[in-house]
Amino acid sequence: MQSIHRVFHGFAWLMATLGGVVLSATILVTVASILGGLTPLGPIPGEEELVQAGMAFAVFAFLPLCQITAGHATVDIFTDWLGGRALRVLQFGIEALFATVLIVIAVQLEAGMQARIRSGQTTFLLQFPVWWSYAASLAGAAAAAAVGVWTALARGWELLTNRDLIGTGEGAEQ
C-alpha cells in the first residue's frame with residue numbers, strides 16, 4: 001500500500017506543480033496586460049479569457065495534493081474528542097463522500113465539454129474554442145477524482161488495519 005500511495009502522492013505533486021506553472025503564467029499575463037495598459041501598446045487582448053482558462057485548470061490541479069495530504073480545512077474542535085476507531089470511521093466517510101463529489105464534478109465537466117464541442121462556441125476576443133478550457137479543467141478534475149478515490153480506499157485500509165497511511169493533515173502542517 002505504501003508504494004501505491006507514493007505513486008499517487010507523486011502524481012498529485014506533479015499536478016500541483018503544473019497548476020503552479022499555469023498559475024504563474026496567468027499572473028505574468030495579468031501583470032503584462034496591466035503594464036501594457038499604462039503604455040501606448042495597450043493591454044493584452046483576450047487576457048481575461050486566458051486567465052479564466054488558466055485559473056480553472058490551476059484550481060483543479062491543486063486539489064489532488066490537498067486531498068492526498070489531508071490538507072483541507074478541518075474543524076478539529078468537533079473531532080479532538082474522538083477515539084482512534086471513531087476518527088477513522090469519520091475520516092473514511094468524509095473521504096468517500098469527497099471522492100463521490102469529485103467524480104460527479106468530473107462527469108459534469110465532461111458533459112459540459114461535450115456540449116461546448118457540439119455547439120462550436122468560441123471565446124469572444126481570441127476566438128478559441130470554449131471546450132479547450134473545459135478540457136483543461138477536466139484533466140485536473142479527473143486527476144482529483146482519481147486521487148480522491150485512492151484516498152477513500154486508503155482511509156478504508158486504515159480503518160480495517162488500524163494503521164496510518166495518510167495521516168491526519170500533513171498538508172496543513174507543512
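Applying the set (1) crowded, with 19+ Cβ neighbours inside 10 Å; (2) on the phi > 0 side of the Ramachandran plot to A154 leaves exactly one unmet item: (2).
Of all the residues in the stretch 77-110, those that are free of Cβ contacts under 8 Å to residues at least 24 places away in the same chain and exposed (fewer than 11 other Cβ atoms within 10 Å of the Cβ) number 5.
Looking at the structure I just gave you, is G42 touching a residue at least 60 places away in the same chain (Cβ under 8 Å), in a loop (DSSP other than H, G, I, E, B) and not aliphatic (A, V, I, L, M)?
It is false that G42 is touching a residue at least 60 places away in the same chain (Cβ under 8 Å), in a loop (DSSP other than H, G, I, E, B) and not aliphatic (A, V, I, L, M).
When C66 is tested against the conditions (1) more than 29 Å from T161 (Cβ to Cβ); (2) within 15 Å of the chain's Cα centre (by Cα), the lone failure is (1).
Sub-7 Å Cβ pairs linking a first residue in the stretch 111-122 that is within 11 Å of S133 (Cα to Cα) and at pLDDT below 95 to a second residue that is among the small types (G, A, S) and assigned to a helix (DSSP H, G or I), at least 6 apart or interchain, number zero. Screening G71 with (1) more than 19 Å from L165 (Cα to Cα); (2) among the small types (G, A, S); (3) not in a helix (DSSP H, G or I) gives one miss only, at (1). Could you list all residues from the stretch 25-54 that are closer than 27 Å to G10 by Cβ and either at pLDDT below 95 or crowded, with 16+ Cβ neighbours inside 10 Å (or both)? If the condition is that a residue be closer than 27 Å to G10 by Cβ and either at pLDDT below 95 or crowded, with 16+ Cβ neighbours inside 10 Å (or both), then T26, A53, G54 are the ones that fit. A Cβ distance below 6 Å, combined with a sequence gap of six or more or placement on separate chains, defines the contacts here; from the stretch 145-160, residues that are closer than 12 Å to A70 by Cα reach no residue that is of a type in the set (S, T, Y) and in a helix (DSSP H, G or I).
Criterion first (more than 30 Å from P129 (Cα to Cα) and either in contact with a Ser or Thr (Cβ under 9 Å, 6 or more places away or on another chain) or of a type in the set (V, I, T) (or both)) does F57 satisfy it? No, not satisfied.
Filtering the stretch 123-149 to residues that are of a type in the set (F, W, Y) and in contact with a strand residue (DSSP E or B) (Cβ under 8 Å, 6 or more places away or on another chain) leaves only F128.
Which one of I103, I117, I166 is outside any helix (DSSP H, G or I) and of a type in the set (V, I, T)? Step by step, each of I103, I117, I166 is checked, and only I166 is outside any helix (DSSP H, G or I) and of a type in the set (V, I, T). Checked against (1) polar (S, T, N, Q); (2) surrounded by fewer than 16 Cβ atoms within 10 Å (Cβ to Cβ); (3) in contact with a Leu (Cβ under 6 Å, 6 or more places away or on another chain), T161 meets all criteria but (3).
The values are calculated or read from the model by the stated rules, or taken from the named source; none is laboratory data. Just so it is clear, the structure is predicted and the values come from calculations on it, not from any experiment. For neighbour counting, all protein chains shown are included, and Cβ atoms are generated from backbone atoms with ideal geometry for every residue, glycine included.
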